[in-house]
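Worksheet: one structure, shown below.
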């Protein structure tokens, strides 16, 4: 394994895919398909090259463990369009806004998959709960 590959996400094969298929005017379905292809290719590269996730220090158990393997999110795909294609910052920002509204409308997570309704409901309840009020003395 080459130095730095444990943290690396954007291998040359993935960059070529983004350059070939990347278009800031693409539909959300096309963007999600591109993300899926990029993520599958990343996992295949990491598996065939036997690249393990980076080591991390856990402050709770005071031990070193493997970090979670990296994945390609939809936002990472959008930002890669700005980084590896001729898309302008304005186009990337517009695509990101379209993705955020599409994600909220269809209740999708960062990877474009349906959110767990129980977990998302709990999260909304946590953020919607009002702050405790201090009683006057």
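Some values worked out for this structure:
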item	result
Leading residue by the ranking (nearest to the chain's Cα centre (by Cα)) among those in the stretch 45-61 that are outside any helix (DSSP H, G or I) and surrounded by 15 or more Cβ atoms within 10 Å (Cβ to Cβ)	54
In the stretch 84-111, the residues that are touching a residue at least 24 places away in the same chain (Cβ under 8 Å) and in a helix (DSSP H, G or I)	84, 91, 92, 94, 95, 98, 99, 102, 103
Hey, residue 64 modelled with pLDDT under 90 and surrounded by fewer than 14 Cβ atoms within 10 Å (Cβ to Cβ) or not	no
Residue match in the stretch 24-44 (condition: free of Cβ contacts under 8 Å to residues at least 60 places away in the same chain, part of a loop (DSSP other than H, G, I, E, B) and surrounded by fewer than 11 Cβ atoms within 10 Å (Cβ to Cβ))	no
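Listed here are the residues, each with its yes/no results for (1) free of Cβ contacts under 8 Å to residues at least 24 places away in the same chain; (2) at positive phi; (3) touching a helix residue (DSSP H, G or I) at 6+ places or on another chain (Cβ under 9 Å).
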| residue | (1), (2), (3) |
| --- | --- |
| 49 | no, no, no |
| 53 | no, no, yes |
| 60 | yes, no, no |
| 67 | yes, no, no |
| 72 | no, no, yes |
| 75 | no, no, yes |
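Here's the yes/no breakdown for (1) under 19 Å from residue 12 (Cβ atoms); (2) modelled with pLDDT of 95 or more:
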| residue | (1), (2) |
| --- | --- |
| 41 | yes, yes |
| 49 | yes, no |
| 60 | no, no |
| 85 | yes, no |
| 103 | no, yes |
| 124 | no, no |
| 129 | no, no |
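The values are calculated or read from the model by the stated rules, or taken from the named source; none is laboratory data. In this text the structure is predicted, and so the values were computed from the model without any measurement. Glycine gets a Cβ as well: all are built from the backbone with ideal geometry, and neighbour counts include every protein chain shown.
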